[in-house]
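In what follows, a structure is listed as structure tokens, so that the remarks can point back to it.
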Amino acid sequence: MMRLNNLSARYNILTGYVNAVDNVSFEVMDNEIFGIAGESGCGKSTLLKVMYDLVSYPLEISDGSVEIGGKDSSGKAVILKTGEIKKSWWRNISYIPQGAMHVMNPVTKVDTQFYDAISKQNCNFNKKALRQEIINYLHELELPASVISAYPHQLSGGMKQRVIIALATFLNPGIVLADEPTTALDVVVQRGILTMLSRVQRKMKNSMVIVSHDMGVHYQITNRLGIMYAGQMIEIGPTEEIFSTPRHPYTQMLINALPRIGDLNQKEGIPGTPPSLKNPPPGCRFAARCPKATDLCRVKQPEVFQINDRHQASCHLLYDL
């Protein structure tokens, strides 16, 4: 379980603050894949860093907190909050960063990178037995035994991505955060990575949060989906329901822009650009680009409207239905 409570985060720059995450609240349930979608620059990656407790200057939390359920070193169930979460990295929560193919130490073999991660848990291990466990796990992720003795530059992009995923899931953490896990991979490799992530999640029955601007990725593997715009979470609901009956105009325009097999109609992008997060406008942040916006939208920020027990959106128009 993971819970975000009115979370806000910002970047401290020379001329002020960039409010990258603004008053975000939601829960990630046990044994689900939760997706976060939105345009580039909307705050997705920053939100994931804060959820992982990877907060350092110039990034800072300005309000709210994150809580996760986990276990301490003795196996006792605990609730960890912001500031404590980093103490349980790898064991309770792990992170697959954006551009993960380039985060491996280029002068260290794969086996040593596994040993380093596991040693951070302050646990003693038999290196020979652990090596065999790692080989067996890599085999489950469709990687040959030879990978364990390889340097990163000797692996293809898809193989490096699978190794990073293996590192993040080897200790079976309760929560795995993945930031654009298929970026820079070709379509065939992307499908293999997504299939593998789904298989790992089903086997471990953990929770997974996947950030991607690719709505097709979310449609394939997520159970629930959150839509971000200009630092705010504007719609959350079951993925199938979001795609079949999107309620926020921004979500509707995102989905309408997706290509579909057999549909020969020309697709249109969303006009305009997102507002500055340094000085966001009053009211709904999507109002300047929304074809349905009213005068109220431009002056008053919409509250969360509960469509049903699992689906919510922040839009003034929903109150008029």
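The values are calculated or read from the model by the stated rules, or taken from the named source; none is laboratory data. What you see is a predicted model; the values in this text were computed from it and never measured. Heads up, the Cβs are rebuilt from the backbone with ideal geometry, glycines too, and the neighbour counts pull from every protein chain shown.
The table below gives the values:
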{"item": "Extreme residue, modelled with the lowest pLDDT, among residues of the stretch 118-162 that are small (Gly, Ala, Ser) and out of contact with any helix residue (DSSP H, G or I) (no Cβ under 6 Å at 6 or more places or on another chain)", "result": "SER119"}
{"item": "Breaking point among (1) touching a helix residue (DSSP H, G or I) at 6+ places or on another chain (Cβ under 6 Å); (2) surrounded by 18 or more Cβ atoms within 10 Å (Cβ to Cβ); (3) at pLDDT 90 or above, for MET101", "result": "(3)"}
{"item": "Filtered residue count, the stretch 123-143, keeping only those that are surrounded by fewer than 12 Cβ atoms within 10 Å (Cβ to Cβ) and within 28 Å of the chain's Cα centre (by Cα)", "result": "1"}
{"item": "Conditions (1) part of a helix (DSSP H, G or I); (2) touching a strand residue (DSSP E or B) at 6+ places or on another chain (Cβ under 7 Å); (3) not aromatic (Phe, Trp, Tyr); number of the one not met by SER94", "result": "(1)"}
{"item": "Lone unmet requirement of (1) buried (at least 17 other Cβ atoms within 10 Å of the Cβ); (2) more than 18 Å from ILE96 (Cβ to Cβ) for SER212", "result": "(2)"}
{"item": "Residue check for LYS203: among the basic types (Lys, Arg) and either assigned to a loop (DSSP other than H, G, I, E, B) or buried (at least 17 other Cβ atoms within 10 Å of the Cβ) (or both)", "result": "no"}
{"item": "Residue that is among the basic types (Lys, Arg), closer than 28 Å to PHE305 by Cα and free of Cβ contacts under 8 Å to residues at least 24 places away in the same chain, where the choices are LYS44, LYS81, LYS76, LYS87", "result": "LYS81"}
{"item": "Which listed residue is among the polar types (S, T, N, Q), in contact (Cβ under 8 Å) with a residue 40 or more places away in the chain and part of a strand (DSSP E or B), from ASN19, ASN31", "result": "ASN19"}
{"item": "Residues of the stretch 253-303 satisfying the condition of being out of contact with any Cys (no Cβ under 9 Å at 6 or more places or on another chain) and of a type in the set (Lys, Arg)", "result": "ARG260, LYS267, LYS278, ARG285, ARG289"}
{"item": "Test set (1) touching a Phe, Trp or Tyr at 6+ places or on another chain (Cβ under 9 Å); (2) in a strand (DSSP E or B) - THR46 fails condition number", "result": "(2)"}
{"item": "Qualifying residue in the stretch 51-65 (condition: within 18 Å of VAL217 (Cα to Cα) and touching a strand residue (DSSP E or B) at 6+ places or on another chain (Cβ under 8 Å))", "result": "no"}
